[in-house]
1. Counting other C-beta atoms within 10 Å, which of 39, 208 has the fewest, and how do the rest follow?
2. Computed over the Cα atoms of the stretch 85-324, what is the ratio Rg over Rh, Rh following Kirkwood?
3. Which order do the peptides 183-189, 315-321, 266-272 come out in when sorted by mean C-beta neighbours inside 10 angstrom, highest first?
4. Once you have a ≥ b ≥ c as the square roots of the Cα gyration tensor eigenvalues for the stretch 232-300, tell me rounded if a/c is under 1.5, and otherwise prolate or oblate according to whether a/b is larger than b/c.
5. If a paramagnetic tag sat 7 Å from the Cα of residue 121 along the Cα-Cβ line, which residues of the stretch 145-166 would have the backbone N under 18 Å from that point?
6. When a/c reaches 1.5 or more, the comparison of a/b and b/c decides; with that in mind, is the stretch 172-310 rounded, prolate or oblate per its Cα gyration tensor?
């Protein structure tokens, strides 16, 4: 009798296990139920993006949309009188590691202070960014709003390119021989798609691509003004001239280094340049964000000189357009 009871219990256990296995397998093989706003263990973002993407899982988190005014085809319009005109280009460097935004983060507060100082003296700067600065700005809505506020006040957003022939390459190039490099991040077109999300106009009009080896192949499409120079005294003043880069007609003006090193222009030399300025010419100055951080008094002395001498300091593309009348 006991033997029969044990055998019955054994067979009942086998039947229970079989039933459980059938249920588990049917549940495992069941197709994911998409569209119910629940991302369960059977669903992935690839299979059920409506349930499993970041916005679906966190309904309160909305996707950031960068709005630009892509209809703006010309730089900010300015009126130039009979006083000397100038531009001050701030080269915003990529840092030693182009894969991070560590360098822009390091100097961000210095840039804020520089803008505030320029506003105090009614100096409109040309902020020539490497793409790492665009990445840093676009990563935070507050920063983007702040930069567009600077733009609205008359400061210009431009491009400064460290190409692959530089030790501090920003990672972008059209040159195929560098596109297999571990530091390659994308083409110039891909870079500009990123950078032109920063200005509210949706367009960058001016650039400085460092080095003759990189200027022509890596000149961005539809950028109309080139700035360059720095060491020669004659580069302080220039008249816009046309050049061709990457198959495009470009207006070229020069600038002189200031507050960078012993080869930079002195304040006295800048004053002499202002006195020598003639109608149709542009006085150009260039330095980096870190130079302001290291020599704020020298930069303020420059801005004060501009104010005392009634020099109109504007974004470089606005100045060039006001002189040549076409892009």
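What follows is calculated from the coordinates using simple rules that are stated; it is not laboratory data. Quantities reported herein were computed from a predicted structural model and do not represent experimental measurements. So basically every Cβ, Gly included, is an ideal-geometry build from the backbone, and we count neighbours across all protein chains shown.
1. Exposure proxy ranking, most exposed first: 39, 208.
2. Rg divided by Rh gives 0.94.
3. The most tightly packed comes first, giving 315-321, 183-189, 266-272.
4. oblate
5. What the label zone holds, given the 18 Å backbone N cut-off, is 154-156.
6. Prolate, since a/c reaches 1.5 and a/b exceeds b/c.
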